[in-house]
Structure formats: C-alpha cells, structure tokens
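The values are calculated or read from the model by the stated rules, or taken from the named source; none is laboratory data. Note that the coordinates shown come from a computational prediction; the quantities given were computed from them, not determined experimentally. Quick reminder, even Gly has a Cβ in these numbers, built from the backbone with ideal geometry, and neighbours come from all protein chains shown.
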Amino acid sequence: MPAPTSPAGRPVRRLDPVLVDRIAAGEVVERPASAVKELVENAIDAGARAIEITIEGGGRRLIRVVDDGAGMGADDLALAVERHATSKLPGGDLSAIDSLGFRGEALPSIGAVSRLTITTRTREAASGATLTVAAGLKGEVRPAPAARGTRIEVTELFAATPARLKFLKSDRAETAAVAEIVRRLAVAQPQVRFALRTESGSPLVLPAEDGADASLRRLAAVLGADFFPNALPLDLAREGFSLSGHVGLPTFHRGSAGHIHLTVNGRPVRDRLLMGAVRGAYADVLASDRHPVLGLSIACDPGMVDVNVHPAKTEVRFREPGLVRALVVGAIHEALRRGGARSATTGAARALDALRPAGVQPFGRHTGAAAPSLFQSARPGFFPAQTPSVAAPSGFHRPPGFHEAAQAVLERAPDLAPPMADLREAADAEEGLDHPLGAARAQVHETYIVAQTRDGIVIVDQHAAHERLVYERLKRERAAGGITRQGLLIPEVIEMNPDAAERLAAAAPDLDRLGLTLEAFGPGAVLVREVPAALSRASVRTLIADILDALDSSGLEEGGAPAGEGGPLGRRLDAILSRMSCHGSIRAGRRLRPEEMNALLREMEATERSGQCNHGRPTYVALELHDIERLFGRR
C-alpha cells in the first residue's frame, strides 16, 4: 500500500469559487430538512401568511416552497444568490438581527449543491422574474409570469456533491425530518398557515391561528389534542426578557425530548441552556427517563442574544444566561404550583381501556345497528328466563358461598329499605362530594382509595399520594428554617463499608439541615442521633441506605442551576428529601379508617404538585360518570 503523500512543500493556492460555495454549503445544508428550514425561514422573513412545501424522494428529487410574501424585484433576485448578500442587515449591525434567516449563505449554498430555480414577483410589479442556479453556476434573470410572492424549486439535491448524497438516510427518514422541521417552525409562527405535501400519506396542514389562544391551538395541532386539557399557561417578564407559552402537566409526559418546543424571538431552537433549564424545572416531579411536553417562547432585544453561534441557527447564546435559566425554571415552577393537584386526563382514558373487556369497543363507537357484544360474550344461560338466580359470565371466579349468599339477598330484597340512621349517614356523606377529590367511599386491597365526586369517581394510590405530601411538608419545613426533628431514645449504630461511611460523614452538615443528625462512629459505621419527626416510625437502617443511594445519584448535569435553593445544593437536598419522604408515607397494605382517607384527600387538594408522586407517577385517576356509564351501555 503506497504511503500517503505529504502536503509539505506544496504551494498555497486560492480555491475555485464554486468549490468554496460547495464547502460552505456543507455547514448550512446537511440534509433536505436543512434546505427546507432555510427556505421556509426566508418566506417567513418576507412576511408570508401562507407557505406550502412539497417534497419528493425525501427531498432529494424535489423541494418546492411557495409563499405569498413580499417577493423580490429583478435586481434583488440577482443579488439574492450571491454569497454574503442579504436584506436582513440594513444597518450592518451583527448585534441587531431581528430576522430568522440571516447568515448570508442559504440560497447560494443550496444553489451550489443542486439545481435551484427562483420565481418571484412583488405586489407592485406587472410581471415576475425567474433565475436558475445549477451546481453553483448562476444563470440570467429573465421575466416570467408569477403570482405575488416567491416560488423556489430545488431539484437534484447533492448531485454536485455525491459524497454527501451517500450519507442521506431513507426517503421515509428524510421525509420525517422535513415534517419535524415544519412542525417546529409552525409552533414558532402560529399566525402563518403551513402545508406539507409528500408522495405518500395525507398532507400536513396547519391553518393560521389568530387570537389570544393562537399559540395553544397551534401546539395542540402539533402535539396532539390531548395537550389542550393538560396544558398550563405561563407568562412572565423580567429584566428585558419575557417568557410565554404552555407547559404540560408532569403526568402528561413522553419517552423522548422531541415534544419540547422552544422559541427565541420567533426562531425555533434546540439550545442546551434552555433544555437544561426545562429538565431542572421538572426534576422534582418527573421520572428521570421521561420528558415533559411543552411550548415556550422567549422574547428579548436582539442585542441580548447571539443567533449566529451555529451555522444551522439551532443554538443561541444569551448575554445573561443565568437570568434566562432562572426565568424558565421560575415560570415553570409557578405554572406547576398553580396546577395544584391536577393529574393528566390521559390517565382516565388508560384506566377505562383497562376496565373495558377485551374485544369490546367503547359504546357509541361501534358500527352497524346491532347492540355492542358485551353481553353476547357471556356463556349461554347467563340470563336465564326462569326465576332469578345468580350465574356468572365465563371466566368469572365465584368464591365459596357466593351462590348461596346471593340467593339469600334476592329472597329478602323487598326488606332492604335503609333505616333512618343509614339515611342520616348518607346525607352527611353528601357534604364531601363537592370537594375536587370527593368523599372516600372504600379502600381496595389496602392500597387504593375510591372516592365519589358529584360527577364521577376518583381512585387514589395512597402510598404515592402520601409520599408527595410528606415530601412537600419536609421542603416547607426546610425553607421555613429547619425540619422538625426527633431524637432517638437510643442512638442507632449503622455499620457499612468504610467508603460509604466516609460519604455520609462528609455529607453530615447537609443532612443535619434535613433533620438527620449523624456522626462517624469509628471505621465503617455511623451513629444516628436524630431523624425528621415525619419519619419517626421509619426504619433508620433502611433510611440510611436510601440516603446513600441519593448521594450517589444526585450529581448535577452540565449547565446546572446557580447556587441557592434551586441550585446544586438545593437540588442535592431535594433529591435526598425525596428518598426520605418514601419512608414516612403511608405504605401500601395499610388499612385506613374513613376519616383518615378523607383527611388524605383534603391534604392532597391543599398541596401543590400532589397530582404526581416524587417519581412522576400519577397519584390519582379521575373517571367521569358518563364514561363509566358508557362501559355498561347506559349511554
């Protein structure tokens, strides 16, 4: 194999301008979706109110973008495909970019690696103009018939750079990437109508939205109709920055971060600072492997943000990053606090699907004139014609004595009128029905509380709910100056490996702030003297083991919050408190009295973020009466 030749001694030469354009195009046009993004941003900057995108072959064969914007004259068209020519810096000030598409490279970069045809007309012009750039070679501007606005066609993308063409994914994957770009631009610009047409599947059409809730309607169109009832509004301004949008409830989450939409001055971004702020804001209410669903828009003076730090303009750099992060975290925290004990409505839908017998469609959704087949699935004889007797559908397990007890109930049915005492108790129980979580009616499997409301029922996970309540109580006590603690009658010695004992001893000052007083007790052991009062009944040994796990897993992500209660120390303490609160909560399997169940419901209603436990799971599911009635064919 011959040795590679060395460039030493070779003369320096100036590259061909077309080759320079192709090299520069690699930074801007990575794939068809990149070209679509640049062209659509130019259309938005031109004041378009309707933009239609058509692609073929995932964008390889054709990308067509048609808009109804201001258009261009013949002279502007000739300059638009020249490198570093732009209309978006009228004063030449790089710190005052108030448009989306500035880097001065989009159209010439696309023209360098494809065949680019632009046809455009202004409102005042009697006819339009057209221009073609083929693999970097610019043609002449010629008159052409055209509607007001601009029509751009890109064909044979990357034909001039075959190496780049080899690295593209399948047509389906490239089409999905284009659709994602269009959705993100649509969220950032709800006042613009977007339409994406491809070779397969229905077109993606997002009508223009106007009015006070335009942003929410566009988010619901992109994120799904379920986002509408599970969204919390936020609007906050501070020191030249304003933040608005909608964030999803913590129990309304997804498995990837693709449903997080962030906009800066109308520009969709995937910025690490902002993504880190969102993760930090939800860290207390969301499992680490789940992601929130939201749309946030930041507005500020263009001079306070640099949008030119990335060739594709997907990242930005703020002059005051700490202020922006605090704004995002604070606004989301406040929105979740106002959300109170709300839980996602999708939990009820999943519960109803679980309750519905297999193979039975929801009532009202079946087709044909026949009744739903719920009763048809029962075994023959389930509804006998003779005197009432008790039988069960196929698969129904009858405990011993079930048949005899049920027959006895049927025989004395006329004598079942309730006594006056029972009527008074029923009247008293009516008082709790007006509470958001209703009045407790039963406890199932010593784990779930069933409560009745005016228009449905609520099923509460008693352990998950109380765990959140204990956690919030401990946080309030810490913020108020110190967690109430209780000394152990006999201090407990916990033995462990020496490394773990050293970690606990090093964390002793922080743990003391949380009501847990301990000290080193020789090599490989610690002595626990005090524990938080809320955890007085917990196993100290198990508590210490969980705190060790929290200390190991509470490392901070890059770009964490500043110091303070919301910063590294505060997040570390919160992570430990979250582990500790599990030990002070009502355990699954504990039988509760009616007054205890109702007290838990009332405290949930008064506690913020009680709709989910410390791990992000819902604490309750609410089922509306009309949905339950549909299960039984009553609606």
Exercise for the section: Output the residue which, of all residues in the stretch 568-591 that are buried (at least 17 other Cβ atoms within 10 Å of the Cβ) and not in a helix (DSSP H, G or I), is modelled with the lowest pLDDT. Expected result: Gly584
Problem - Filter result for Phe241 (more than 23 Å from Glu56 (Cα to Cα) and touching a residue at least 60 places away in the same chain (Cβ under 8 Å)) - result: yes
Fill in the blank from the handout: Subset of the stretch 56-81, residues under 32 Å from the mean Cα position of the chain (by Cα) and within 12 Å of Ile152 (Cα to Cα), comes to Ile63, Arg64, Val65, Val66, Asp67
Practice task
Could you grab me the full set of residues in the stretch 593-616 that are buried (at least 17 other Cβ atoms within 10 Å of the Cβ) and touching a strand residue (DSSP E or B) at 6+ places or on another chain (Cβ under 8 Å)?
Solution key: Met597, Asn598, Leu600, Leu601, Met604, Gly611, Gln612, Cys613, Gly616
Practice task
Could you grab me the full set of residues in the stretch 34-56 that are of a type in the set (Gly, Ala, Ser) and surrounded by fewer than 17 Cβ atoms within 10 Å (Cβ to Cβ)?
Solution key: Gly47, Ala50
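Do you know which residues across the stretch 465-509 are of a type in the set (Val, Ile, Thr) and free of Cβ contacts under 8 Å to residues at least 12 places away in the same chain? Don't jump to the end; show me each part of the working.
Here is the first cut: in the stretch 465-509, the residues of a type in the set (Val, Ile, Thr) are 470, 483-484, 490, 493-494.
Hit for the stretch 465-509 is Ile490, nothing else.
Kindly indicate whether any position in the stretch 243-251 is polar (S, T, N, Q) and closer than 30 Å to Arg325 by Cβ.
There is at least one residue in the stretch 243-251 that is polar (S, T, N, Q) and closer than 30 Å to Arg325 by Cβ.
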Practice task
Report the residue count in the stretch 162-175 for those that are in a loop (DSSP other than H, G, I, E, B) and small (Gly, Ala, Ser).
Solution key: 1
Problem - Single residue of Ala146, Ala159, Ala129 found to be part of a loop (DSSP other than H, G, I, E, B), in the same structural domain as Gln189 (by TED's automatic domain parsing) and at pLDDT 90 or above - result: Ala146
Problem - Total residues in the stretch 230-282, condition surrounded by fewer than 24 Cβ atoms within 10 Å (Cβ to Cβ), part of a loop (DSSP other than H, G, I, E, B) and of a type outside the set (S, T, N, Q) - result: 6
Practice task
Test Gly211 against the stated conditions and say whether it is at positive phi, at pLDDT 95 or above and not aromatic (Phe, Trp, Tyr).
Solution key: no
Problem - Residues located in the stretch 411-452, provided they are among the aliphatic types (A, V, I, L, M) and modelled with pLDDT under 90 - result: Ala413, Leu416, Ala417, Met420, Ala421, Leu423, Ala426, Ala427, Ala429, Leu433
Practice task
For the stretch 172-193, indicate whether the set of residues that are free of Cβ contacts under 8 Å to residues at least 40 places away in the same chain, assigned by TED's automatic domain parsing to the domain that holds Arg61 and touching a Ser or Thr at 6+ places or on another chain (Cβ under 9 Å) is non-empty.
Solution key: yes
Practice task
Kindly check whether there is at least one residue in the stretch 253-266 that is closer than 12 Å to Ile332 by Cα and touching a Lys or Arg at 6+ places or on another chain (Cβ under 6 Å).
Solution key: no
Completion exercise
Checking Ala220, Ala212 in turn, the sole residue that is more than 24 Å from Val329 (Cβ to Cβ), free of Cβ contacts under 8 Å to residues at least 24 places away in the same chain, assigned to a helix (DSSP H, G or I) and not aromatic (Phe, Trp, Tyr) turns out to be Ala220
Completion exercise
Taking the stretch 586-607 and the residues there that are free of Cβ contacts under 8 Å to residues at least 60 places away in the same chain and not aliphatic (A, V, I, L, M), the one that is nearest to Arg537 (Cα to Cα) would be Glu596
Handout entry: Lone unmet requirement of (1) in a strand (DSSP E or B); (2) farther than 14 Å from Glu52 by Cα; (3) not β-branched (Val, Ile, Thr) for Glu180
Key = (1)
Practice task
Just name the residue that is nearest to Met580 (Cα to Cα) out of those in the stretch 504-540 that are touching a strand residue (DSSP E or B) at 6+ places or on another chain (Cβ under 6 Å) and of a type in the set (D, E, K, R).
Solution key: Glu530
Exercise for the section: Could you name every one of the helices (runs of 4 or more DSSP H) located completely within the stretch 1-108 that has at least 3 residues being small (Gly, Ala, Ser) and modelled with pLDDT of 90 or more? Expected result: 32-45
Practice task
Determine which single condition Glu495 fails, assuming it passes every other condition in (1) in contact with a strand residue (DSSP E or B) (Cβ under 6 Å, 6 or more places away or on another chain); (2) surrounded by 14 or more Cβ atoms within 10 Å (Cβ to Cβ).
Solution key: (2)
